[in-house]
Structures are given as C-alpha cells and as structure tokens.
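A short write-up of the structure that comes next.
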Amino acid sequence: MTPRYKKLAGTVIMLLWLAVYALLVTGVAVRVLPHAAWYGSVLFYALAGTLWAIPVGLMFPWMYREPKTKN
C-alpha cells in the first residue's frame, strides 16, 4: 500500500473510531454518571478524554512507515 493510501485509510479509520468512541462514552456516561459522586465523574471524564488517543497513537507508526522495497 502506498503511503498516500495508508494516510487516507488511517484518517478514515480514525474518524470512524472517534465517532464510535464518542457514542460509547456518551452511553456509559448517561447510565453511570447520574448515580456517581463528583470525583467519579471527574475520573470518568479524565479517563474518557485520554483513552481515545491510545488506538490513534498506535496507528500513526503504521501510517507513516515507509513501504518495504523489493530487492
């Protein structure tokens, strides 16, 4: 796969991931947070606000890796 198509595919996958993640986090927040203490809400939002970056960060090396050349 050429670097150009890898970047395009990675961008599309990231956008889809963020949409799905936002829906999942919103669903959990609506069900759990009304019954949680204030520190539970702070912890939830701190984790939810940073955990999305792990899969995205793992995708960057794949997107920017140079293709192997055949010798």
Can you give the accessible area per residue of the stretch 1-67, in Å², using a 1.4 Å probe? 77
Carbon plus sulfur, as percent of the 1.4 Å-probe accessible area of the chain, comes to 73
Which helices, taking whole DSSP H runs in the chain, have alpha carbons extending 27 angstrom or more along the helix axis plus mean Kyte-Doolittle at least -0.5? 3-32
Normalised by the residues of the chain, what does the relative contact order come to in percent, with Cα pairs under 8 Å and at least six apart? 69
Can you compute the radius of gyration and Dmax for the chain, using only the Cα atoms, both in Å? 17.3, 62
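The values are calculated or read from the model by the stated rules, or taken from the named source; none is laboratory data. Predicted model, so just to flag it, every value in this text is computed and none were measured. Calculation scope for accessible area: heavy atoms of the full protein, side chains included, ligands and nucleic acids excluded. Shrake-Rupley method; radii C 1.70, N 1.55, O 1.52, S 1.80 Å.
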